[in-house]
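Here is the structure we will look at.
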Amino acid sequence: MKAYRYRIEPDEKQVEFLAKQFGCSRFVYNWALDLKTKAWQTERKGISVFEISRQMTLLKKEKEWLSEVASQPLQQSLIHLDKAFTGFFKKKTDYPRYKSKWGKQSASFPQNVEVEFSSGTIVFPKIGRIKARFSRTFTGVVKTVTITKTVTGKYFASVLVESENQAPVPVPDVEETAVGLDLGLTHFLTLSTGEKVEHPKHPEKDLDRIKALHQRVSRKKKGSKNRRKAIVKLALAYERVSNKRDDFLQKVSTRLVRDFGTLCFEDLNVAGMTQNRHLSRHIGQSGWSKFKILCEGKASANGKHIRTIGRFEPSSKLCSCGYRNKDLSLSDRTWVCPVCKTTHDRDILAANNIKRFAFVKQNTSGGTGGESGEMPVNKRDRRTRKSQE
Ligand SMILES: [Zn+2]
């Protein structure tokens, strides 16, 4: 399954219809959330999608306007809510919240949508043809199509496609064509080849503007028209920053997957790192996890490989001669090995160690741990070790 996102341009009538469609989807979602919450609070029981779906049929008789819009997205709203509850019960997400008229709007069509590249349109049940800007084409079977309207008033169609393409022939997964990648704060990325990729330029200026717009929103009276206007301006500023960032992440990931056979990452415990206030801003800006997801997608589409090693402390402290620099602090950018006299750039060294350890056979870990005396350990190992200390 692959997703394609296109800007769409509904005409005046379609905009009106979509407003109604979004409104009904939202209404059904909030109505079902209400039912589920009450059932849980009073009887400590859940309600299945099938049961809610049955009750929605009754609701539709009562509220006739629900039948004026496409019915598939209403069903999908129930399924989305069910997924939100599943996430909540698995303790992965917060309790589902009511959908607001002012947030991002969406409606999903699980079938009967036609994507027509020839006419530059997408055809939806009940809505008809909507003009689309096709930035790229695809072959395959169209599955779910979701229409969204952003806070800034733009419309998009996300098309989920079941690809008919054969999986590409994988290239050899060997150390010779691999690259080690160290994600860092001073640079976005350091390659084991020695190359350093800077963070995207001038984000500070954009962030200052966002900060100022935030303040403007908070000064306006709640529920006022001026506050709405300020919120849209703020959302536009966010949109610009994230577009710039996405563009950067796309370019870097495309180049790496093109140039190398295997990309080696260190499993950055991003959740743990963001607890540090100073680091979190940088990490949020640079979007490492999104970057890795992009690399994974592009690698699998091109027969390339990803290797991830457990996070291990000495990636920037371990010389290839086996010496370990225990005193290295975050501010030391370079250091000289007292044993073999090699000068190390900490980031390049880390990238090289990540590559080296990515190709160490993990199943030999029962032994002494190799010549370096230090094998990468995964998170669980670290935890056990800590609790033993
Ligand atoms: Zn050394």
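What follows draws every value from the coordinates through simple rules; no lab data is involved. What you see is a predicted model; the values in this text were computed from it and never measured. Cβ: placed from backbone, ideal geometry, glycine included. Neighbour counts: every protein chain shown.
I need the peptides 327-334, 215-222, 297-304 ranked by packing, meaning the mean over residues of other C-beta atoms within 10 angstrom, with the highest value on top. Spell out each step's value before the answer.
Values: 327-334: 9.8, 215-222: 11.8, 297-304: 17.2.
In decreasing order of mean packing, 327-334, 215-222, 297-304 become 297-304, 215-222, 327-334.
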Compute and list, largest first, the equivalent-ellipsoid semi-axes of the chain from the alpha carbon gyration tensor, each √(5λ) rounded to a whole angstrom. 46, 25, 24
Under 5 Å from the placed amide H of His344, counting only residues 5+ away or on other chains, we find Trp335, Val336, Cys337
Find the centroid of the Cα atoms in region 314-349 and in region 204-218, then give the distance between the two in whole Å. 40 Å
Could you pull the Rg and Dmax for region 2-163, using just the Cα atoms, both in Å? 16.7, 55
Tell me which DSSP H helices of the chain clear both cut-offs, 27 Å or more of axial length from alpha-carbon atoms and a mean Kyte-Doolittle hydropathy of at least -1.0. 12-43, 225-259
Rounded to whole Å, sorted largest first: equivalent-ellipsoid semi-axes of region 44-133, Cα gyration tensor: 29, 18, 12
Check which residues have an amide H placed less than 5 Å from Lys99's amide H, if you skip close sequence neighbours. Asn30
Packing-ranked peptide list from 111-119, 52-60, highest mean Cβ count within 10 angstrom first, is 52-60, 111-119
Which order do the peptides 41-50, 232-241, 253-262 take when ranked by the mean count of other beta-carbon atoms within 10 Å per residue, highest first? 253-262, 232-241, 41-50
Out-of-range pairs (alpha-carbon distance over 25 Å; input Lys196/Lys244; Lys83/Lys233; Lys38/Lys92; Lys91/Lys304; Lys92/Lys225): Lys83/Lys233; Lys91/Lys304; Lys92/Lys225
Taking the chain as a Gaussian network, where each spring joins two C-alpha atoms under 10 Å apart, which residue of Asp182, Asp82, Asp347 fluctuates the most? Asp82
Explain nothing, just compute: Karplus ³J(HN,Hα) = 6.51 cos²θ - 1.76 cosθ + 1.60, θ = phi - 60°, for every residue of region 325-331 in order, whole Hz, x for Gly and Pro. 8, 6, 8, 5, 9, 4, 7
Mind listing the lone cysteines of the chain, meaning no other Cys beta-carbon sits under 4.7 Å from theirs? Cys24, Cys264, Cys295
